[in-house]
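K.L.:
Dumping the structure here so I can ask a few things about it.
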Amino acid sequence: MKLILSLILIGFIPYVNAAYPSNETTYPVEVFWGDTHLHTSFSVDANGMGNRNLTPDDAYRFAKGESVTAHNGQTARLHRPLDFLVVADHAVNLGVMPKLAMEDSGLLKTELGKKWHRCLVRSPRDTNKLLTANDGQLLSDARYSMNEGTGSFMWKSWYLKDTDRDKAEVFTDKNLKASVWESVINNAERHNQPGKFTAFIGYEWTAQALYQPMSAIHRVVVFKDGADKTSQTLPFSYYDSDRPEDLWSYLEGYEKSTEGEVIAIPHNSNLSNGIMFSVTDENGLPLNKDYAVLRKRWEPLMEVTQIKGDSETHPALSPKDEFADYGTWDGWFTWKKEAGWKERKKSEYMRSALGLGLAEKARIGINPFKFGVIGSTDAHTSLSTADDNNFWGKFSIYEPSKYRASPDNYEDNPEDAFRWGSVASGYAAVWAQDNTRESLFAAMKRKEVYASTGPRITVRFYGGWDFQQSDAYRPGLARTGYEKGVPMGGDITAAPKDKAPSFLIRAVKDPDGANLDRVQLIKGWHDSNGELHEKIYNVALSGNRQDKGPDTDKVGNTVDISDASYTNTIGDPELAVVWTDPDFDKDEPAFYYLRVLQIPTPRWTAYDAKYFKLKNIPDEVPMIGQERAYSSPIWYTPASYQ
């Protein structure tokens, strides 16, 4: 069936609906950019992997646009500051490493504290060598062991062998924990500037599912509140519990005791071994209604893209999707190649999880996976940047050097995930009325947010029943969207007779970036036979191209790899459209979300190759990427499902 769409290409404007000031509207008119997942020297793994010097204070200063000195001696700075930041250091042994470096007397009273301190004072010389760009070959020779049970990443001789989680917590004194948490709170309070820059108080609950070892089911905990309320709690770590349900109980207890607000954001689901969005519990039993209610309440968002790969979909799950293989991480853990891996992936990726949520809604009446999406970095460097031309790596030992783009001599990890396999991604985009904790947090809870792999693409997305073709280019697009429909993260219900939902869409290029290739609408639905389906519609193509199915001509490629450059001679600065679902069935629940693709641009590996004058880069190292943005979904629920 022919797509019912109207493609309007109009002049570029840096902000959608900027003509309507916030004091004249009740809806958001500005998008704010930030990172909800950044680690500093306060995280044990970040510190153990080289981040000795860059504190939470440095992280905030960098996010605000100030210059900081990286461990390799180079100056790091954001070309454009961020609007908000969550420093999300690991709750487990939070702040232990800096305190050990200062020879904290309380820590040195414990046996484990003494042992960690001996490792710490023995390692600076070797670690500094590893961090020196001129001596970067040591990176290729380094071997490290990962043990989340001890909360540590330790190099060679100073790897800690304590595997008993009951003995691995260095902070056994509640007062020591409270002193570090107070420091975390004070850092955020000092940098929080309502209306200018928002510093959220938060941390990461870093858990591995005990019944599936090496399965990352981490959550970032974000508080709306300031010191008056957050100081009444302490971070909940996996020493308290590995079960998300217990984390939710902690969140509920916090809200009841303080009258504050808090959410948890699941992240990096592509490394969860099929557990993050599993439809069975740890005992293999189907999820029940109580679980679904709690998950929907406490986890309104998920992190769909970050340095450790992209979690939108996987080529094995979406074989007809020509753009599915972006930032795909396979083979990092051995279970990626075990029997049943493809089936497990359905519970690892955003698109399939949204479909599973529809099925659960049909089965138990509640959709546990009704989430919006954001991107964030998960950088452990204190440097929150998702720009390919300014990429500082996952860990500080992978700061820019002439070695990190080459997989030579790295036999233990042939895919070299933490070096050239890393993705310079991502950022969270939030539609809010003001740059304050209250306004941004409210937008997160209502899911009026979207994800970007880095470029600051402006995306508007509304669903309703009465959008007209002309609405796409009418002044005041946002006003029309809110008056006639619901924004991303919303619901449309009660289909009028003989009507299909229509969607008002506008995407605008990053003012300082590449043109747009296309806008795609991804639909997933649950049919009357209980089957899940997905379909991709090219609803807007640049250059007046027409959708002719899977063989649609590509936008082209202007990338000069040797020069790490491209031109905006292809693509369009803005794409706007009203699109009506040609395959709508009023009895079938569905979700819709946008994927906005840029034209091809140089990947960070190409910038490294140019800067360090690298030659003979192996073919397996990707040098070009096609960056993108993902909107939060809009859901359609039939009356029979209400």
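The values are calculated or read from the model by the stated rules, or taken from the named source; none is laboratory data. This is a predicted model, so every value here is computed, not measured. Here the Cβ positions follow ideal geometry from the backbone for every residue, glycine too, while neighbour counts run over all protein chains shown. Each accessible area value is taken on the protein alone, full model and side chains, heavy atoms only, with ligands, DNA and RNA left out. Shrake-Rupley method; radii C 1.70, N 1.55, O 1.52, S 1.80 Å.
K.L.:
List residues of region 476-500, by number, whose backbone nitrogen lies under 19 Å from a label position 7 Å along Cα→C-beta of Glu588.
P.N.:
Within reach of a label on Glu588, which here means backbone N under 19 Å from a point 7 Å along Cα→Cβ, region 476-500 contributes 492-500.
K.L.:
What's the FRET efficiency of Lys174 with Ala362 using the Cβ-Cβ distance as r and R₀ = 45 Å, to the nearest 0.05?
P.N.:
After rounding to 0.05, the efficiency reads 0.45.
K.L.:
Also, quick follow-up: What figure in square angstrom, to the nearest 10, would you give for the accessible area of Ile366 with a 1.4 Å probe?
P.N.:
40
K.L.:
Something else about it: Using label points projected 7 Å from each Cα along Cα→Cβ, tell me how many nm separate Glu189 and Thr69, to one decimal.
P.N.:
In this crude spin-label approximation the distance works out to 3.1 nm.
K.L.:
From Cα pairs below 8 angstrom and at least 6 apart in sequence, can you work out the relative contact order of region 281-366, rounded to a whole percent?
P.N.:
30
K.L.:
Cα to Cα, under 13 Å, and not fewer than 8 places away if on the same chain: which aspartates and glutamates meet these conditions relative to Lys394?
P.N.:
List returned: Asp45, Asp378, Asp416.
K.L.:
Using a 1.4 Å probe on the protein chains only, how many percent of the accessible area of region 31-114 belongs to carbon and sulfur?
P.N.:
Percent of accessible area from carbon and sulfur atoms in region 31-114: 46.
K.L.:
Would you mind getting me the FRET efficiency between Arg545 and Trp341? Use the beta-carbon distance for r and R0 = 35 Å, nearest 0.05.
P.N.:
Plugging the Cβ-Cβ distance into 1/(1 + (r/R0)^6) gives 0.45.
K.L.:
Sticking with this one: Mind checking the full-extension length gain between Ser562 and Ser241? Use 0.36 nm per residue of separation minus the Cα-Cα distance, one decimal, nm.
P.N.:
Length difference between fully extended and current span is 110.5 nm.
K.L.:
Points 7 angstrom from Cα along the Cβ direction at Lys196 and Ala494: gap in nanometres?
P.N.:
Here the answer is 4.7 nm between the modelled labels.
K.L.:
Is the shape of region 459-542 best called rounded, prolate or oblate, per the rule: a/c under 1.5 gives rounded, else a/b larger than b/c gives prolate, else oblate, with a ≥ b ≥ c the square roots of the Cα gyration tensor eigenvalues?
P.N.:
It comes out oblate by the Cα gyration axes.
K.L.:
For Thr40, Thr280, write out the residues from largest to smallest accessible area, computed with a 1.4 angstrom probe and no ligands counted.
P.N.:
Result, largest first: Thr280, Thr40.
K.L.:
What is the percent carbon and sulfur in the accessible area of region 245-314, measuring with a 1.4 Å probe over the protein chains and ignoring ligands?
P.N.:
Summing carbon and sulfur atoms, their accessible area is 48 percent of the total for region 245-314.
K.L.:
Whole number in Å², please: accessible area per residue of region 348-506, 1.4 Å probe, ligands, DNA and RNA not counted.
P.N.:
27
K.L.:
Here's something else I'd like to know. Of the accessible area of region 478-553, with the probe set at 1.4 angstrom, what percent is carbon plus sulfur?
P.N.:
Of all accessible area on region 478-553, carbon and sulfur atoms account for 43 percent.
K.L.:
Probe radius 1.4 Å, ligands and nucleic acids left out: which of Ile561, Ile457 has the largest accessible area, and how do the rest follow?
P.N.:
Ile561, Ile457
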